[in-house]
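Quick one: the structure is below, questions incoming.
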DNA sequence: TTGAAAAGTTGAGACTGTCTCGATATTTTC
DNA sequence: GAAAATATCGAGACAGTCTCAACTTTTCAA
């Protein structure tokens, strides 16, 4: 079985070396200077021509995908584990905080993540969907337990996480966490007493 | 009195004309393409050399200040009016929505607004402070009425407004409004029953 | 009215960054 | 040990920000 060796093509040795170097330098540069850092400079730091960088990663997004893919999938897995948390709401909160920390890895990453989830052609799309699905499961459990409002959606949670991360970058990390906390409290059923009606989302054209 | 005529220097006629044209074109371009639109292109559209634009507005921020100053002050005034709303919380909500709509005028404006409030050298600083003060008054009234948690601060409100506007730009306007709504609900006292503790803000160095 | 002085404008040019592509170099494979 | 396949290189086409010395227009006092 599997004698056809469908995708056996290995990367050439020098190519693989450059690929790794680029990833390493990009991770360092993005962590220090944010996700908008010059690709040209990253290539320079990695000791390759910029054409080589573009050869491996045609877009900035492709580079971010290579850096983020695993992290995103790990986050989805964490979500699955938290489905067994004592309190459904606590599980949700713990996960949301982890997700926010994750977005904060590179300054400016939030915008990419928000766009990737809606852009099917994005290389981060699948990973974002997995994260969204993990959020939905946690949300569903909390909903069933009567701990969050029935009208809270996974995109609401996703938007809250990224928006709070954004706010944290703009002013200070604790400010971001406060925002996340307020938002999550706003999700709670206990707030529903005199709760405000929510604007409807226009259903995205399929 | 006032015989010294401290700042009587009027702008030269041609300068004034160019200044106005630049403002007009910038407003149109920012509204259509966002606050990051090319200044070079704005100068072109206004029929002046780019050096002229930089002569009038040394930075993009200076241009935004000229465009936003009045609007910001108007927003602060609206806040003062809403202090007489029947329900303190409703007044707060109404104002927060107006503030968010205001941030949404130019895509990408939120980041500038978030930074301006902390940067004393920003030309938008005073206007931001006025907006913050208006928010604080509405918040204080709602706090006194027992409608919002005692630990909600004006910066929380300001961050929520801008973060919700950001989210709205990233995905869709209604998503932004939903986020604002959840956040405001999270401010409410009714959510305090089982409320989460808030992370403390590290006091900004005076 | 007029002609300096003051004020304003111009646009080339120095940078930085994105992205492409033909020429060149290195590996791999047979 | 070459041919074939695969990568790399780096110049160059663009676009944007920002500066500045030369030039032009306006103002205003005599």
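Please find, among A:183, A:146, the residue that is within 9 Å of chain B (Cβ to nearest Cβ) and either without any contact (Cβ under 8 Å) to a residue 24 or more places away in the chain or out of contact with any strand residue (DSSP E or B) (no Cβ under 6 Å at 6 or more places or on another chain) (or both).
Step by step, each of A:183, A:146 is checked, and only A:183 is within 9 Å of chain B (Cβ to nearest Cβ) and either without any contact (Cβ under 8 Å) to a residue 24 or more places away in the chain or out of contact with any strand residue (DSSP E or B) (no Cβ under 6 Å at 6 or more places or on another chain) (or both).
With respect to residue B:70, is the statement that it is away from DNA strand D (no atom under 16 Å from the Cβ) and modelled with pLDDT under 95 true?
The answer is yes for residue B:70.
Answer yes or no as to whether residue B:91 is over 14 Å from the mean Cα position of the chain (by Cα), part of a helix (DSSP H, G or I) and either touching a residue at least 24 places away in the same chain (Cβ under 8 Å) or not assigned by TED's automatic domain parsing to the domain that holds residue B:165 (or both).
Considered against the rule, which asks whether it is over 14 Å from the mean Cα position of the chain (by Cα), part of a helix (DSSP H, G or I) and either touching a residue at least 24 places away in the same chain (Cβ under 8 Å) or not assigned by TED's automatic domain parsing to the domain that holds residue B:165 (or both), residue B:91 comes out as yes.
OK, next. Conditions first: (1) within 16 Å of DNA strand C (Cβ to nearest atom); (2) surrounded by fewer than 17 Cβ atoms within 10 Å (Cβ to Cβ). Residue B:84 passes all but one, so which condition is the exception?
That leaves (1) as the condition not met.
Right, next: Sort through A:109, A:139, A:198, A:132 and tell me the only one that's over 30 Å from residue A:37 (Cα atoms) and at pLDDT 95 or above.
The match here is A:139.
Can you name the number of the only condition in (1) modelled with pLDDT of 95 or more; (2) more than 8 Å from DNA strand C (Cβ to nearest atom); (3) out of contact with any helix residue (DSSP H, G or I) (no Cβ under 8 Å at 6 or more places or on another chain) that residue A:55 fails?
Against the list (1) modelled with pLDDT of 95 or more; (2) more than 8 Å from DNA strand C (Cβ to nearest atom); (3) out of contact with any helix residue (DSSP H, G or I) (no Cβ under 8 Å at 6 or more places or on another chain), residue A:55 comes up short only on (2).
Please state which one of A:163, A:127 is farther than 18 Å from residue A:64 by Cα and crowded, with 22+ Cβ neighbours inside 10 Å.
Just one listed residue meets the conditions, A:163.
Specify which of the listed residues (A:40, A:25, A:65) is more than 12 Å from DNA strand C (Cβ to nearest atom) and free of Cβ contacts under 8 Å to residues at least 40 places away in the same chain.
Unique residue meeting the criteria: A:25.
Being at pLDDT 95 or above, within 7 Å of another protein chain (Cβ to nearest Cβ), buried (at least 22 other Cβ atoms within 10 Å of the Cβ) and under 29 Å from residue A:155 (Cα atoms): is that true of residue B:175 here?
It is false that residue B:175 is at pLDDT 95 or above, within 7 Å of another protein chain (Cβ to nearest Cβ), buried (at least 22 other Cβ atoms within 10 Å of the Cβ) and under 29 Å from residue A:155 (Cα atoms).
Within region B:24-58, can you find the residues that are within 18 Å of the chain's Cα centre (by Cα) and surrounded by fewer than 18 Cβ atoms within 10 Å (Cβ to Cβ)?
B:27, B:31, B:34, B:36
Exactly one of (1) at pLDDT below 95; (2) out of contact with any helix residue (DSSP H, G or I) (no Cβ under 7 Å at 6 or more places or on another chain) is unmet by residue A:144. Its number?
Single failed check for residue A:144: (1).
Checking the condition out of contact with any strand residue (DSSP E or B) (no Cβ under 8 Å at 6 or more places or on another chain) and modelled with pLDDT of 95 or more, which residue from A:115, A:170 passes?
Just one listed residue meets the conditions, A:170.
Do you know which of the residues in region A:1-36 that are within 14 Å of DNA strand D (Cβ to nearest atom) and in a loop (DSSP other than H, G, I, E, B) is modelled with the highest pLDDT?
Per the stated criteria, the residue is A:36.
Return the total of residues in region B:130-155 being surrounded by 16 or more Cβ atoms within 10 Å (Cβ to Cβ) and more than 28 Å from residue B:70 (Cβ to Cβ).
Total satisfying the criteria: 5.
Something else: When you go through (1) in a helix (DSSP H, G or I); (2) at pLDDT below 95 one by one for residue B:203, which number turns out not to apply?
Residue B:203 satisfies all of (1) in a helix (DSSP H, G or I); (2) at pLDDT below 95 except (1).
The values are calculated or read from the model by the stated rules, or taken from the named source; none is laboratory data. The structure displayed is predicted, hence computed values, not measured ones. Virtual Cβ from ideal backbone geometry, glycine too; neighbours counted across all protein chains shown.
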